[in-house]
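Below is one structure, written out as structure tokens; comments come after it.
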Amino acid sequence: MVMVAERLEPLVSTRLRAGLAEEIERQEREDNARGPEPEAVPRGHASAVRPADAELRELLAGWVAEYGVMVGRVVARSVRREDLHLVDDLTQDVWVEAWQYLLRGNHVQRPAGLLAVMARSRVCGHYRSARTRREVATDFQDYERAVDRLASWIGAAA
């Protein structure tokens, strides 16, 4: 599994940065279209000031540079062998989740631990989701093959 992760490193980091930048820009466009958020905290209060998105973007870019390979490896080790093609998508989901976490104003002392937990959680959530149930096309014109396939599924589930 380590060899697969090593081969994925250059691909994951290049695709990840491009996809992450697109997602961040999309979210910023949506935020700008919505307009200013109502302030729940009185003006002048210390917690009313949200750090600029540019600062958060720099922080996240630093995390991607420092921990990008680690997040890809955690995801690659956590997915099933037949689902290695999902590593890029799940890794990007982790980075989007981290971006949203920072936008909510959370402060992180140990980014490596947070990102590893987010990565494992995202993979578990993927498999927990009903969307990941495998659908296999069956040719019902070929009755014998359909019965054989059904029998193999029942046998594997039993």
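The values are calculated or read from the model by the stated rules, or taken from the named source; none is laboratory data. Keep in mind it's a predicted model, so treat the numbers as computed, not measured. Cβ coordinates were reconstructed from backbone atoms using ideal geometry, including for glycine residues, and neighbour counts include every protein chain displayed. The area values use the complete protein model at the heavy-atom level, side chains included, leaving out ligands, DNA and RNA. Shrake-Rupley method; radii C 1.70, N 1.55, O 1.52, S 1.80 Å.
Within segment 92-120, residues that are in contact (Cβ under 8 Å) with a residue 40 or more places away in the chain sit with their Cβ atoms under 6 Å from residues that are part of a helix (DSSP H, G or I) and among the small types (G, A, S), at 6+ positions apart or across chains, in these pairs: Q92/G19; R120/S78. Looking at the structure I just gave you, is E9 modelled with pLDDT of 85 or more, open to solvent by 40 Å² or more (accessible area, probe 1.4 Å), in a helix (DSSP H, G or I) and within 20 Å of L115 (Cβ to Cβ)? No: the conditions fail for E9. As a summary of the residue check, N106 satisfies the conditions (1) loosely packed, with under 15 Cβ neighbours inside 10 Å; (2) assigned to a helix (DSSP H, G or I) except for the one numbered (2).
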